[in-house]
Amino acid sequence: LPDDFDWRDKGAVGPVKDQGSCGSCWSFSTSGALEGANYLATGKLEVLSEQQMVDCDHECDPDEPRACDAGCNGGLMTTAFSYLAKAGGLETEKDYPYTGAGGTCKFDKSKIAAQVKNFSTVAVDEDQIAANLVKHGPLAIGINAVFMQTYIGGVSCPYICGKHQDHGVLLVGYGSAGYAPLRFKEKPYWIIKNSWGENWGESGYYKICRGAHAKNLCGVDAMVSTVTAIHTQKE
Amino acid sequence: SAAASAAAEDPLIQQVVGRDAEGDEPGLLSAEAHFATFVQRFGKSYRDADERAHRLSVFAANLRRARRHQRLDPSAVHGVTKFSDLTPAEFRDRFLGLRKSRGGLLAAGSAHDAPTLPTDG
């Protein structure tokens with residue numbers, strides 16, 4: 001594995017988006033992962049729709065039938081991948097733009113721009129997460145966002161942080177040396193794309209510690225999923 | 001000297017220093033000054049004076065929370081963000097949306113486990 005890796009440098013990551021006052025983070029995490037997978041499959045970055053999932057995805061977890069994707073009221077990336085596999089794919093942001101609120105489903109199959117080939121969950125293992133990131137593109141992950149409400153920049157490495165995930169984000173890369181001034185050492189970190197606009201964090205991004213002393217910090221290693229895309233040709 | 005220099009350039013800082021010297025509560029004055037900057041910077045508007053006062057109290061609590069986060073997370077920078085006028089519950093309700101899964105682990109749905117990849121060499 002390379003020491004440092006960032007899919008943004010390779011053109012696989014779209015612009016930072018803003019979910020507004022809507023609990024649709026799960027759809028942004030899902031669309032970001034499929035944007036990356038589709039880039040790897042086609043060589044072209046298509047900015048994909050979240051609103052299609054907000055409006056049309058009501059997929060439920062087979063193990064928890066009452067836990068279903070529910071637009072601004074929340075959802076889960078793996079069930080969203082399952083919906084996309086069943087529905088046929090995802091339209092572009094341009095064809096099905098984000099409104100920040102739930103509405104009636106206006107999905108048009110003829111406008112599908114990216115299709116899910118396969119999706120899977122990644123083991124709670126930093127090396128496996130890094131390997132899947134490098135091989136398959138950006139990964140949909142869950143995180144505990146308690147420190148994110150006040151985050152401005154730098155490498156977040158809290159001494160204590162809950163491990164229950166409450167926010168869906170996109171893992172786009174990692175670095176080997178982010179300086180932690182009060183700990184007098186270089187700390188490796190994950191690079192995470194958020195969906196709260198460019199005026200939050202480091203231009204919309206969040207860095208969080210990884211490595212031997214920061215395993216699964218804020219639950220970041222325990223809810224990771226990867227997706228691959230079918231090479232599609234938009235008509 | 002840095003503070004004096006900043007105060008000379010920034011009338012907002014001068015105002016806070018001046019009021020503090022008159023014996024008012026420094027924390028509240030500091031929060032008010034930061035809140036005024038926050039409202040302007042993020043284009044916030046509140047329906048009436050009561051709502052504004054409530055948001056100021058939430059903002060002051062979030063300033064304390066940011067300082068606490070800074071102590072707990074010294075390698076990052078914590079402070080005022082566009083969410084600083086929201087309580088943690090409001091923030092959770094409006095901006096987080098990952099469905100809870102059993103035991104905090106991934107509710108995998110119909111996903112399979114990814115095969116183990118080689119990581120050396």
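The values are calculated or read from the model by the stated rules, or taken from the named source; none is laboratory data. Computed from a predicted structure; not experimentally measured. Here the Cβ positions follow ideal geometry from the backbone for every residue, glycine too, while neighbour counts run over all protein chains shown.
Might you check whether a residue that is in contact with a Leu (Cβ under 6 Å, 6 or more places away or on another chain), crowded, with 19+ Cβ neighbours inside 10 Å, in a loop (DSSP other than H, G, I, E, B) and within 7 Å of chain B (Cβ to nearest Cβ) occurs anywhere in segment A:146-157? No, that holds for no residue. Put simply, of A:35, A:91, A:46, A:50 the only residue that is touching a Lys or Arg at 6+ places or on another chain (Cβ under 6 Å) and more than 17 Å from residue B:111 (Cα to Cα) is A:91.
For segment A:33-53, the tally of residues that are buried (at least 24 other Cβ atoms within 10 Å of the Cβ), farther than 15 Å from residue A:98 by Cα and not small (Gly, Ala, Ser) stands at 3.
Counting only helices (runs of 4 or more DSSP H) that sit completely within segment B:26-101, those holding 1 or more residues that are in contact with a strand residue (DSSP E or B) (Cβ under 6 Å, 6 or more places away or on another chain) correspond to B:49-72. Selection of segment A:191-209 for residues being within 15 Å of residue A:150 (Cβ to Cβ) and either of a type in the set (Ser, Thr, Tyr) or not in a strand (DSSP E or B) (or both) yields A:194, A:199, A:200, A:201, A:206. The one condition from (1) in contact with a strand residue (DSSP E or B) (Cβ under 9 Å, 6 or more places away or on another chain); (2) outside any helix (DSSP H, G or I); (3) more than 8 Å from chain B (Cβ to nearest Cβ) that residue A:28 does not meet is (2).
Scanning segment B:77-92 for residues that are hydroxyl-bearing (Ser, Thr, Tyr) and over 17 Å from residue A:201 (Cα atoms) gives a single hit, B:87. Of the residues in segment A:164-183, none is closer than 22 Å to residue B:70 by Cβ, surrounded by fewer than 24 Cβ atoms within 10 Å (Cβ to Cβ), at pLDDT 95 or above and of a type in the set (A, V, I, L, M).
For segment A:185-235, the set of residues classified as among the aliphatic types (A, V, I, L, M) and in contact (Cβ under 8 Å) with a residue 24 or more places away in the chain consists of A:191, A:192, A:208, A:214, A:217, A:220, A:222, A:223, A:224, A:227, A:229, A:230, listed by residue number.
None of A:216, A:199 is within 8 Å of chain B (Cβ to nearest Cβ), surrounded by fewer than 22 Cβ atoms within 10 Å (Cβ to Cβ) and in contact with a Lys or Arg (Cβ under 8 Å, 6 or more places away or on another chain) except A:199.
None of A:140, A:85 is crowded, with 17+ Cβ neighbours inside 10 Å, of a type in the set (A, V, I, L, M), outside any loop (DSSP other than H, G, I, E, B) and touching a Ser or Thr at 6+ places or on another chain (Cβ under 7 Å) except A:140.
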